[in-house]
Amino acid sequence: MGYNEVIDKNKQKQAKDYQKKKIIFKIIGTTLFLAYFLILIFSNLSFLIKEKILYFTNIKWQVIALYVFFILTLYDLISLPLEFYASYTFEHKYHFSTQTLKDWFTDWLKSYILSLVLAIPVVEGIYWAIRTFPQNWYLVVSVFTIILVVFLNYLSPILLTPLFFKLRKIEGDNELAQRLIGLCDKVNTRVKGVYEINFSSKTTKANAYLSGLGNTRRIVIADNLLENFTLDEAEVVFAHELGHFVHRDVLKGIFWVSLMYLAAFYFTNIILKKLSFYLNYEISDISNFPFLALSIGIVLFLFSIPLNLNSRKREQQADEFALKITKKVDSFITSMAKFTNRDLADAYPHPLIEFLFYSHPSIGKRIDFAREFKEEK
């Protein structure tokens, strides 16, 4: 099928330009990541940094913590201009960002601190495992990574998200809330609640997603969506997220991510052992962290491709669930069109781009799927 009449063709020209530039930013960011760690490796800078730290302390865990702090801080500062342009200047240019410079920098600082709080213990754990279990460290690290992923998923809506956004529970006397509770009742499902998130404090874009695990699990809908979408459209968007809940997609996602990390650490172990043999270095030496970071980064990217393929299938299943339970195909189509027209999503991206980067089917395919569903019914 070609373009649907619900999709603004003029907006699509702008969308293709917008998305093309976003991909260029990704490529530049990836190139910067590779160049940074390659320079650390081949300039002996990584070794010199460790040597400087040893002037202050030779306690292993302190050396690792200081090394990670310096390496990540330096990388964040080097990548700051690109990050600022891509997420602030560029988004303002397209009238998406609603943040002031102060708000943007505050969020950047929060992200930087959070990355250090997470990265230092993780790297400490990886090098402890390498020293303690030199042959099978990747198994130990994989187990702890899975535990960490589950833990962060559990904490996300109650600890991590509130660092950047405000959440407000949509109460039961609200018309939309009553509709959503009715949908849950249809499939005998209970969720912690439906929450409105103040996306408008940062962007004009709309979104909805499932967050948390167990007693923290909830469905989150952006205030932009509630303000700019009809009740029927908001209901069908919620139904999609409810489909993820019913299909246990969060747990399935954790399972597949766990397999990806296991494979990534396994192949990283092989790569590092080969490199240590040819380059004569110790894997357990923190100055060789750039080898570890590069290996894990490259392997994770390669494994993210089949993971995205699996994700696109689960997203289509959630779309089908939403269409079946609400029977509001037209509202689904118009909601997808609004996401496309308002947020400048490329309705029909190049197949290779979709294959490599998309965790959801392209919106054009989702609209086509809904129309085929309607015709079949």
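Residues that are among the charged types (D, E, K, R) and either modelled with pLDDT under 90 or buried (at least 16 other Cβ atoms within 10 Å of the Cβ) (or both) within segment 262-315 comprise Lys273, Lys274, Glu282, Asp285, Arg312, Arg314, Glu315, listed in sequence order. For segment 157-172, the condition of being outside any helix (DSSP H, G or I) and among the small types (Gly, Ala, Ser) holds for at least one residue.
Looking at segment 86-130, which of the residues that are of a type in the set (D, E, K, R) and surrounded by 13 or more Cβ atoms within 10 Å (Cβ to Cβ) is farthest from the chain's Cα centre (by Cα)? Step by step, filter segment 86-130, then rank; the result is Glu124. Would you confirm, using the coordinates I've provided, whether Tyr36 is touching a strand residue (DSSP E or B) at 6+ places or on another chain (Cβ under 9 Å), in a helix (DSSP H, G or I), surrounded by 13 or more Cβ atoms within 10 Å (Cβ to Cβ) and of a type outside the set (A, V, I, L, M, F, W, C)? Judged against the criteria, Tyr36 is not a match. Among the residues examined, Phe355 qualifies as modelled with pLDDT of 90 or more, in the same structural domain as Gln62 (by TED's automatic domain parsing) and over 17 Å from His240 (Cα atoms). Report whether or not Arg190 is at pLDDT 90 or above and basic (Lys, Arg). No: the conditions fail for Arg190. Quick check on segment 124-134. Is at least one of its residues assigned to a loop (DSSP other than H, G, I, E, B) and within 18 Å of Leu262 (Cα to Cα)? Checked segment 124-134: at least one residue is assigned to a loop (DSSP other than H, G, I, E, B) and within 18 Å of Leu262 (Cα to Cα).
Looking at Lys205, Lys169, Lys186, just one residue is more than 30 Å from Glu91 (Cα to Cα) and among the charged types (D, E, K, R), and that residue is Lys186. Answer yes or no as to whether Ala345 is small (Gly, Ala, Ser) and within 25 Å of the chain's Cα centre (by Cα). Criteria met by Ala345.
Which of the helices (runs of 4 or more DSSP H) found entirely inside segment 202-285 contain at least 2 residues meeting this: of a type in the set (S, T, N, Q) and more than 17 Å from Glu315 (Cβ to Cβ)? Qualifying helices (runs of 4 or more DSSP H): 223-228, 249-279.
When Phe69 is tested against (1) aromatic (Phe, Trp, Tyr); (2) loosely packed, with under 13 Cβ neighbours inside 10 Å; (3) at pLDDT 90 or above, exactly one condition is not met: (2).
Within segment 102-139, being touching a Lys or Arg at 6+ places or on another chain (Cβ under 9 Å) and of a type in the set (A, V, I, L, M) holds for no residue. Any idea which of Ile219, Ile181, Ile197 is surrounded by 22 or more Cβ atoms within 10 Å (Cβ to Cβ), β-branched (Val, Ile, Thr) and at pLDDT below 85? It is Ile219. The requirement of being part of a helix (DSSP H, G or I) and free of Cβ contacts under 8 Å to residues at least 60 places away in the same chain is not satisfied by Ile325. Taking the stated definitions as given, is Thr57 loosely packed, with under 15 Cβ neighbours inside 10 Å, in the same structural domain as Lys22 (by TED's automatic domain parsing) and part of a loop (DSSP other than H, G, I, E, B)? Considered against the rule, which asks whether it is loosely packed, with under 15 Cβ neighbours inside 10 Å, in the same structural domain as Lys22 (by TED's automatic domain parsing) and part of a loop (DSSP other than H, G, I, E, B), Thr57 comes out as yes.
The values are calculated or read from the model by the stated rules, or taken from the named source; none is laboratory data. The model shown is predicted, which means the values in this text are computed figures rather than measured ones. Positions of Cβ are generated from backbone atoms using ideal geometry, with glycine treated the same way; all protein chains shown enter the neighbour counts.
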